[in-house]
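First the structure, in the form of structure tokens, and then the observations on it.
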There are 2 protein chains.
Amino acid sequence: MLKGQMMDRPLLVSSLIDYAAEVHATSPIVTATVEGTIHRQTYAETRARVVRLANALLRLGVKPGDRIATMAWNTHRHFELYFAISGIGAVCHTINPRLFPEQMTYIVNHAQDTMLFLDTTFVPLVEKLKSSFTPIRTYVALTDRAHMPAGEPIRGLLCYEELLADGAPDIVWPDLDENTACALCYTSGTTGDPKGALYSHRSNLLHTFFVLAAAQGSFMPTRPILPVVPMFHANAWGLPFLVTLTGAPFVMPGPKLDGVSLFDLMDKEKVWGGWGVPTVWLGLLDEMKKRGRKPESLSRILTGGSAIARATLATYERDYGIDIVHGWGMTEMSPVGTVTQMTPEERTLPFEEQMDIKSRQGRRMYGVEMKIVDAEGNRLPHDGASQGELYVRGAAVISGYYGNEAATRAAFDKDGWFGTGDVATITPDGWLVLVDRTKDLVKSGGEWISSIDVENVAIGCPGVANAAVIAVPHPKWTERPLLVVVKAPGADPSKEQILAHVAAKLAKWQVPDDVVFVDSLPLTATGKISKKDLRIAFAEHRLSAQ
Amino acid sequence: MLKGQMMDRPLLVSSLIDYAAEVHATSPIVTATVEGTIHRQTYAETRARVVRLANALLRLGVKPGDRIATMAWNTHRHFELYFAISGIGAVCHTINPRLFPEQMTYIVNHAQDTMLFLDTTFVPLVEKLKSSFTPIRTYVALTDRAHMPAGEPIRGLLCYEELLADGAPDIVWPDLDENTACALCYTSGTTGDPKGALYSHRSNLLHTFFVLAAAQGSFMPTRPILPVVPMFHANAWGLPFLVTLTGAPFVMPGPKLDGVSLFDLMDKEKVWGGWGVPTVWLGLLDEMKKRGRKPESLSRILTGGSAIARATLATYERDYGIDIVHGWGMTEMSPVGTVTQMTPEERTLPFEEQMDIKSRQGRRMYGVEMKIVDAEGNRLPHDGASQGELYVRGAAVISGYYGNEAATRAAFDKDGWFGTGDVATITPDGWLVLVDRTKDLVKSGGEWISSIDVENVAIGCPGVANAAVIAVPHPKWTERPLLVVVKAPGADPSKEQILAHVAAKLAKWQVPDDVVFVDSLPLTATGKISKKDLRIAFAEHRLSAQ
């Protein structure tokens, strides 16, 4: 092999914050803090704090490769931890505080975390769990002395701001191998123990570049970005790295993610782009309808994590002129895989056709390869009709689960592609259309019914606020769909009205056999509708054998 | 070291054209051909041709690592060669046809090129030189059968379109190591033999990402880009990779780079952005003044290669509303190092102050590190005042010259940084200001005079079309500046008028001692003003010993 003669310089997370501190020095990082105030600091100030934090970590004995855990909201302090921990060659392990306690205990022990940085919100939780957090030697509260919890709920609890004040102000970042681990995030499957994705500096940097290329124009110093997606969830979709590279102002919402709080913060801080899951956008939309306007500067929303209802999408676009970008990904993919990327021709189509296209999960970003396969692993054509399990490959996709051989064996095919657990079609021009999660499909006789398709139609029915479809056992067809509905406030649609609405838009065999009403839908730790909990709740539901 | 558990997928040029063919399938590549027609093909069609070409190369016996030379204008065929040659693991060696014949002979033999693809324009040239092109076994004319040269000026000359027609339509690209060499470009210094920069797949991909991050919004499927910068010059600044990644339409001007031809092509093809050297923008500006308007859609120009006069810059911005982005780089840097990146605050400054900022060479893009050092190699502060030689480091900077140990030893410092040969200052907020090429500085007594500074002022003088400053020997001050002026058409400024204009804007010791008038300035092979030729021409010029 004839090698190029180019410098062997590694892709490192530390170089991002150094760059931002120099070239985007005055761009702001704004936080609605846990303490209730609005905090502002520039990228230059942020780097200065990151350096102090890194030096404090070194003084506390943190070594390369150590896993340092966080249990925190989206705040400037959490942001600083991302860069300080990885900068010195340790691993920033973000723990999802919405997990079940036994899952957190499993994760802390499996990862062998030696420190935990936590927001004061989580002190009561950690107080209960700390005896099971065996490997953790040091706890740090993400606050200043004035807001430290009273008493000593966690013995030896350190104060973050004091730690920083004691850290030295200068550092030379170590020249790490770019394949060094830099972050760890566990994904809570619906079965089995949580599984860890161990990101490298290289994969995080490349993921940043890949998203940037696919979402051109979304990241600029003039366009403040608000991450509703939590930093404890798959790198907050890579946003902390994207804004640092491009100097986009970063407006972090802290713990308050309801429609009113988000609207006010977006309005006040002139937020241009928001990134988060559909439930959040439903909440914000309610608030926009109440006030009869959008947050002043809000121009683009990236929605992902689960499918967004076509009706929600169309309302945002038509009534408020907000550009919706639909994304799909997985924790195992760093996490973005596809985003809406319309061609100039597609942008000239009639509105409804554009919404049809935007309802799809997007087109692959550069750096992500996709294939759909049948049950025997044979590739299926990208013809927009063939349905198969989706497999992916790319430089920002995991090659295995951290310390979990069994889960690794189950997740990859013989050629090393990662199985997503999604059933999908791919159009000839590259649009990904998710049919369903493999396990959420309703297998009715010889036909597959996509729960997502039915939900999308049901949510468009007047008086329906939210809806979910699950499979329930059926004496004749093996499984049939059951529609679970949350009524809109003040509305009272009947079962018959809803089924008539659905029947008008779907094939007969796709129409649910029954409708049940609930006050709210159960959510998973990552804010998605928990089909698992619904299946348990309605396990005894009987359909008539028609 | 704890490694991340991420897939080990290489960054390869072939993945770019595959991506474009799928996600940006219908985006066009337009060429004003050597034959005089306008040719259109989509990215999908381009990939199909690239695959046929790659298979044809394999059939002709091209092996991994082989150097395959091109001598060609910016056309779709040259574009196809970029991807086909590198796709199969060979090296695309772009030869600058404006070099001296002896330099071309040196380069072909030094690189050991085995094939040469040439535009028919260059058949007479190659006919003369071919006996000295010892290693070349195969010549291919970049045209179809109808336009092949008459007779047999080059024995066995193949026809490009016939080659393609014979190539098989499918390929599985080899899974190369990302550090594999993919392209080779010789830079013609003012002294010594040309020196080769041997790019890798990795460095070309990373350079693409780095430029993308620094030039946000410049590359979109809705914004056609015209590369005036030739593809035989440092990867055409990376544009073939940038447009392929982002799906931007690519409008290639072929051999005609005069103001009239460029204006017409830009106008017709709704070009949004143009990339090239200042002399080209002077030519286009003349044409815009004649027609009293800009090409309809032209909105942004990236200028680099040499400093642009402030007056030119300001005219583009003020009179035509065209956003000028000023860049700086070197063949050895793939080539971009810095570009204009203004903060939101800087964008609100008064116009003249904004032009002052844009006159600077820009701020470093992510992935490029810079330092300025004194004669002993000590780092100087980035204070906007300290002048030193500029050194750079980064993943897209060469680590040595191809097959040239002596030149390599001379170009790098002990820490492995590359010496640019430029003298510069860097402001505290990261703006690069080039003082001059080390060898173009006028060393007057104990003071350094920047030839660039004086030229910028002189070009703003009414009646001056272009200007260059060189050092000439002086009995008292060792060197003093001599101003060489090209008068504007129809204008006749006097020596005294010009010197008075300059004296009003510069310190007394910076004012040239004399002015000489020429019809045109000599250019180097890359289109820059050749100070070397001017120094030779005016070697005998005597200044009075005042």
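The values are calculated or read from the model by the stated rules, or taken from the named source; none is laboratory data. The structure displayed is predicted, hence computed values, not measured ones. Positions of Cβ are generated from backbone atoms using ideal geometry, with glycine treated the same way; all protein chains shown enter the neighbour counts. For the accessible areas, the whole protein counts, side chains as well, though only heavy atoms, and no ligand, DNA or RNA atoms are used. Shrake-Rupley method; radii C 1.70, N 1.55, O 1.52, S 1.80 Å.
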Which one of B:L265, B:V211, B:N235 is farthest out on the positive end of the charge dipole of segment B:209-297, using unit charges on Cβ (Lys, Arg +1; Asp, Glu -1) and the Cα centre as origin? B:L265
Beyond a 24 Å Cα-Cα separation, which of these cross-linked pairs lie in this structure: B:K256/B:K528; A:K63/A:K130; A:K289/A:K439; A:K487/A:K531; A:K195/A:K414; B:K414/B:K532? A:K289/A:K439; B:K414/B:K532
Can you tell me how segment B:1-124 classifies by the Cα gyration tensor, rounded, prolate or oblate, using a/c under 1.5 as the rounded cut? oblate
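Two decimals is fine: what's Rg over Rh for chain B, C-alpha atoms, Kirkwood radius as Rh?
Ratio of gyration radius to Kirkwood radius: 0.96.
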For the B:D258, B:A410 Cβ pair and Förster radius 41 Å, calculated FRET efficiency rounded to 0.05 is 0.60
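So what's the projected area for segment A:13-339, the Cα convex hull averaged over all directions, in nm²? Provide the component values of the computation, followed by the final result.
Working: hull surface 62.7 nm².
One quarter of the hull surface, i.e. the mean projection, equals 15.7 nm².
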Gap in Å between the Cα centre of segment A:1-45 and the Cα centre of segment A:281-306? 28 Å
So how far, in whole Å, is the C-alpha centre of segment A:486-512 from the one of segment A:330-365? 27 Å
Counting only protein heavy atoms and a 1.4 Å probe, tell me what percentage of the protein assembly as shown's accessible area is made up of carbon and sulfur. 52 percent
7 Å along Cα→Cβ for the label point: how many nanometres lie between A:D323 and each equivalent label in the other copies, listed shortest first? 1.3
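Report the GluC sites (Glu not before Pro) located in segment B:272-334 that are in a DSSP loop and have at most 13 other Cβ atoms inside 10 Å of their Cβ, or state none.
On the way: sites: B:E287, B:E296, B:E317, B:E332; in loops: B:E296.
Sparse-neighbourhood loop GluC sites (Glu not before Pro): B:E296.
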Determine the per residue accessible area of segment B:55-120 with all protein chains present and a 1.4 angstrom probe, expressed in square angstrom. 25 Å²
Among the aspartates and glutamates, which have Cα under 19 Å from the Cα of A:K290 when same-chain residues fewer than 8 positions away are ignored? A:D258, A:D264, A:D267, A:E317, A:D319
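In segment A:440-508, which trypsin sites (Lys or Arg not before Pro) are in a loop and have at most 13 other Cβ atoms within 10 Å, using DSSP for the loop call? Don't skip to the answer; put the middle values down first.
On the way: sites: A:K443, A:K476, A:K487, A:K495, A:K505, A:K508; in loops: A:K476, A:K505.
When the trypsin sites (Lys or Arg not before Pro) of segment A:440-508 are filtered for loop state and at most 13 Cβ neighbours within 10 Å, A:K476 remain.
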Percent antiparallel among DSSP beta bridges confined to the protein assembly as shown, nearest 5, equals 60 percent
Going 7 Å from Cα along the Cα-Cβ axis for the label, what nanometre distances separate B:T37 from the same residue across the other copies? 7.1
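If I take every Cα pair under 8 Å that is 6 or more residues apart in segment A:442-537, average their sequence separation and divide by the length, what percent do I get for the relative contact order? Present the calculation step by step, with values, prior to reporting the outcome.
Working: 160 pairs, mean separation 25.7, N = 96.
Taking the mean separation of contacting Cα pairs over the length of segment A:442-537, I get 27 percent.
Note the full-extension length gain between B:H147 and B:H39 as 0.36 nm times their separation in residues minus their Cα-Cα distance, in nm to one decimal.
Taking B:H147 through B:H39 to full extension adds about 37.4 nm, to one decimal.
What does the charge dipole of segment B:61-157 about its Cα centre add up to, to the nearest 20 debye, if the Cβ of each Lys and Arg holds +1 and the Cβ of each Asp and Glu holds -1?
Values: 9 positive and 8 negative charges, 23 e Å.
The dipole magnitude comes to about 100 debye.
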For A:A465 and A:E447 in one chain, what is 0.36 nm times their gap in residues minus the Cα-Cα distance, to one decimal in nm? 3.7 nm
Check the straight Cα-Cα distances from B:K268 and name the aspartates and glutamates below 14 Å, setting aside those fewer than 8 residues away within the same chain. B:E296
Would you tell me the mean number of C-beta atoms belonging to other protein chains that fall within 10 Å of each C-beta in B:386-398, as a whole number? 2
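If one takes the accessible area of chain B alone plus chain A alone and subtracts that of the pair, with a 1.4 Å probe, what total in Å², rounded to the nearest 100, results?
Details: alone 22760 and 22760 Å², together 39730 Å².
Heavy-atom accessible area buried at this interface is about 5800 Å².
I'm a student and want to see the number: the projected area of the Cα convex hull of segment A:60-188, averaged over all directions, in nm². Walk me through the numbers on the way to the answer.
Numbers: hull surface 32.3 nm².
The number I arrive at for segment A:60-188 is 8.1 nm².
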Report the label-to-label distance for A:K270 and A:L523 in nanometres (one decimal), using points 7 Å from each Cα along the Cα→Cβ vector. 3.1 nm
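Keeping every protein chain present and rolling a 1.4 Å probe, give me the accessible area per residue for segment B:365-437 in Å². It would help to have the intermediate numbers written out before the result.
Numbers: 2840 Å² over 73 residues.
Per-residue value: 39 Å².
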Label distances, nm, A:K528 versus same residue in remaining copies, Cβ-directed 7 Å point: 5.4
Could you tell me the center-to-center distance, by alpha carbons, between segment B:48-71 and segment B:192-246 in angstrom? 21 Å
Placing one identical point scatterer on every Cα of segment B:208-279 and ignoring solvent, what is log10 I(q)/I(0) from the Debye formula at q = 0.13, 0.19, 0.22, 0.27 Å⁻¹? -0.34, -0.74, -0.98, -1.35
Taking the axis of the rotation relating chain B to chain A, the B residue whose Cβ comes closest, together with that distance in whole Å, is B:F209, 2
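Could you tell me the calculated FRET efficiency between B:T478 and B:R318, based on Cβ-Cβ distance and R0 = 41 angstrom, to the nearest 0.05?
On the way: r = 40 Å, r/R0 = 0.98.
For R0 = 41 Å, the calculated efficiency reads 0.55.
If you place +1 on the Cβ of every Lys and Arg, -1 on the Cβ of every Asp and Glu, and leave all else neutral, what size is the dipole of chain B about its Cα centre, to the nearest 20 Debye?
Working: 54 positive and 60 negative charges, 47 e Å.
Computed about the Cα centre, the dipole is about 220 debye.
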If I model a spin label at B:K508 and B:E127 as a point 7 Å from the Cα along the Cα→Cβ vector, what separation in nanometres do I get? 6.2 nm
Shape descriptors of segment B:365-437 over alpha-carbon atoms, Rg and Dmax in angstrom, are 12.4, 38
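In percent, how large is the relative contact order of segment A:372-473, given Cα pairs closer than 8 Å and 6 or more residues apart?
Values: 156 pairs, mean separation 21.0, N = 102.
Reported as a whole number, the value is 21 percent.
For the protein assembly as shown, what mean projected area does the convex hull of the alpha carbons give, in nm²? Mind showing how you got there, number by number?
Values: hull surface 184.5 nm².
Reported value for the Cα convex hull: 46.1 nm².
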Under the Karplus relation 6.51 cos²θ - 1.76 cosθ + 1.60, θ = phi - 60°, what is the ordered set of whole-Hz ³J(HN,Hα) values for segment B:316-330, x standing for Gly and Pro? 4, 6, 7, 7, 10, x, 9, 6, 9, 10, 9, x, 9, x, 8
Simple spin-label estimate for A:E353 and A:Q497 in nanometres, 7 Å along Cα-Cβ: 3.4 nm
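Determine Rg/Rh for segment A:442-537; Rg is computed over alpha-carbon atoms and Rh is the Kirkwood hydrodynamic estimate from the same atoms. Present the calculation step by step, with values, prior to reporting the outcome.
Details: Rg = 12.8 Å, Rh = 13.5 Å.
Taking Rh as the inverse mean 1/r over Cα pairs, Rg/Rh reads 0.95.
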Candidates per GluC sites (Glu not before Pro) in segment A:337-369, loop by DSSP, up to 13 other Cβ within 10 Å: A:E345
